[in-house]
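A quick write-up on the structure given underneath.
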Amino acid sequence: MLLIVHVHVRVLPEAVAAFQEATRANAAASIQEPGIARFDVVQQQDDPTRFVLIEVYRDSEAPARHKETTHYATWRDTVAPWMAEPRRSVKYSAVFPDSTGW
């Protein structure tokens, strides 16, 4: 069963470009992990300080494995001072497509 996590992030206006660069590097490394099916980063059109990281995991243990990687730790520590507010995540289950082919 796929697990989808949306991580909502709001960064300081002066940190947008640096956040994008650090987050691209993390996403590029993340999609190399066997437990990650997809890792998208989207930016809100009417407020460029808001981002959503859309992480699609192949199983429920994959997020914990992801958080043990060096690239995640580097990203987490690098972007922490740029946060305008604490990031928050919402977990979803896939309805379509899902692993049953429904």
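Farthest toward the positive end of the dipole of the chain, out of 52, 79, 96, is the Cα of 96, where the dipole comes from beta carbon charges about the Cα centre. Between the amide H of residue 2 and those of 94, 99, distances stay under 5 Å, these residues lying 5 or more places away or on another chain, with hydrogens modeled in the peptide plane.
Its DSSP H runs of at least 4 residues, each contributing -39,500 (n - 2.57), put the calculated 222 nm mean residue ellipticity of the chain at -8500 deg cm²/dmol, to the nearest 500. Per the Cα gyration tensor, the range 3-93 maps to an equivalent ellipsoid with semi-axes of 21, 14, 11 Å, ordered largest to smallest. In order along the range 79-92, phi translates into HN-Hα couplings of 7, 3, x, 8, 6, 7, 7, x, 6, 9, 10, 10, 9, 10 Hz, rounded to whole numbers, per the Karplus curve 6.51 cos²θ - 1.76 cosθ + 1.60 with θ = phi - 60° and x for Gly and Pro. Each Lys and Arg contributes +1 and each Asp and Glu -1, all at the Cβ; summed about the Cα centre of the chain, the dipole is approximately 120 debye. Per-residue 3J(HN,Hα) values for the range 56-70, derived from phi via the Karplus relation 6.51 cos²θ - 1.76 cosθ + 1.60 with θ = phi - 60°, read 10, 9, 6, 7, 6, 8, 4, x, 5, 5, 4, 6, 8, 7, 5 Hz in sequence order (x marks Gly and Pro).
Each value in this text was obtained by applying a stated rule to the coordinates, not by laboratory testing. Since the model is a prediction, treat every value here as computed from it, not as a measurement. For neighbour counting, all protein chains shown are included, and Cβ atoms are generated from backbone atoms with ideal geometry for every residue, glycine included.
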